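Working notes for the structure below.
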Amino acid sequence: MGRILIVDDAKFLRMTLRRIIEKTEHIVVGEAKNGEEAVELYRELLPDLVFMDITMPVKSGLAALKEIREAFPDAKVIICSALSQQKMVYEAIKAGAKDFVVKPFEESQILDAIQRIFEKNRSFVKCWGGGIRPYPTWTPILLYLYVSRILALARSKFLNPYAFRFITFVWLLIPSKKPFV
């Protein structure tokens, strides 16, 4: 049974996450609406896992993540954010996020993320030389981020038809994606 802290500025998303988590054996020990509250609650409650949004008022989720990981290197944080924040997601991974859930999310995505965290200590490992190497759970996310950028080029006619077909094929390999054409 894990103790979970939820951090999001949107009350609706906090309530949704709470409802999903309370269906399991895990318990929600607290909720915060910004990064500053998240750091304070983490120090006070010492939860086993944190679900955190990136974009929040007062202190961003990225700044809170860095502060929490600096004080508690073993802290487990799952980032919940929109894919439009690709650079911030990558920064969160480098800062120590253990997993990533795309908003809007489904209940199964949240439950799978929780299970991955409690089954493994890390969702990725730092490589020799300072880079990161994703575990298989990160591969579809990183592939999605990469391909979505290429698709923007494809739609603007910068790619030839053969490259466009290859990208379409790769896109279809990503779980739960439908053809974009």
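The values are calculated or read from the model by the stated rules, or taken from the named source; none is laboratory data. Keep in mind that this is a model prediction, so the values were computed, not measured. In this analysis, Cβ positions are derived from the backbone assuming ideal geometry, glycine residues included, and neighbour counts consider all displayed protein chains.
Of all residues in segment 22-59, those satisfying the criterion of being among the small types (G, A, S) and within 19 Å of G2 (Cα to Cα) are G30, A32, A38.
Given I27, I54, I21, I6, which one is surrounded by fewer than 18 Cβ atoms within 10 Å (Cβ to Cβ), touching a strand residue (DSSP E or B) at 6+ places or on another chain (Cβ under 9 Å) and of a type in the set (V, I, T)? Give the steps one after another, and end with the answer.
Working: I54 fails: surrounded by fewer than 18 Cβ atoms within 10 Å (Cβ to Cβ); I21 fails: surrounded by fewer than 18 Cβ atoms within 10 Å (Cβ to Cβ); I6 fails: surrounded by fewer than 18 Cβ atoms within 10 Å (Cβ to Cβ).
Result: I27 is the single residue among I27, I54, I21, I6 that is surrounded by fewer than 18 Cβ atoms within 10 Å (Cβ to Cβ), touching a strand residue (DSSP E or B) at 6+ places or on another chain (Cβ under 9 Å) and of a type in the set (V, I, T).
Scanning segment 55-64 for any residue that is among the basic types (K, R) and modelled with pLDDT of 90 or more turns up at least one such residue.
Answer yes or no as to whether A71 is among the small types (G, A, S), surrounded by fewer than 21 Cβ atoms within 10 Å (Cβ to Cβ) and in contact (Cβ under 8 Å) with a residue 24 or more places away in the chain.
On the way: among the small types (G, A, S): yes; surrounded by fewer than 21 Cβ atoms within 10 Å (Cβ to Cβ): yes; in contact (Cβ under 8 Å) with a residue 24 or more places away in the chain: yes.
Judged against the criteria, A71 is a match.
Counting only residues that are acidic (D, E) and part of a helix (DSSP H, G or I), which one in segment 30-51 is surrounded by the most Cβ atoms within 10 Å (Cβ to Cβ)? Step through it out loud before you land on a result.
Going residue by residue through segment 30-51, those that are acidic (D, E) are 31, 36-37, 40, 44, 48.
When the remaining residues are screened for being part of a helix (DSSP H, G or I), the result is 36-37, 40, 44.
Details: E36: 17, E37: 19, E40: 13, E44: 11.
For segment 30-51, the residue satisfying everything is E37.
Among the residues that make up segment 67-86, is at least one of them assigned to a loop (DSSP other than H, G, I, E, B), of a type outside the set (F, W, Y), within 12 Å of the chain's Cα centre (by Cα) and farther than 25 Å from E119 by Cβ? Steps first, please.
Within segment 67-86, the subset assigned to a loop (DSSP other than H, G, I, E, B) is 72-76, 82.
Narrowing further to those that are of a type outside the set (F, W, Y): 73-76, 82.
Still in the running and within 12 Å of the chain's Cα centre (by Cα): 76, 82.
Checking which are farther than 25 Å from E119 by Cβ leaves us with 82.
Within segment 67-86, one or more residues are assigned to a loop (DSSP other than H, G, I, E, B), of a type outside the set (F, W, Y), within 12 Å of the chain's Cα centre (by Cα) and farther than 25 Å from E119 by Cβ.
Looking for something part of a helix (DSSP H, G or I) and either modelled with pLDDT of 90 or more or of a type in the set (D, E, K, R) (or both) - is there at least one such residue anywhere in segment 93-102? Scanning segment 93-102 turns up at least one residue that is part of a helix (DSSP H, G or I) and either modelled with pLDDT of 90 or more or of a type in the set (D, E, K, R) (or both).
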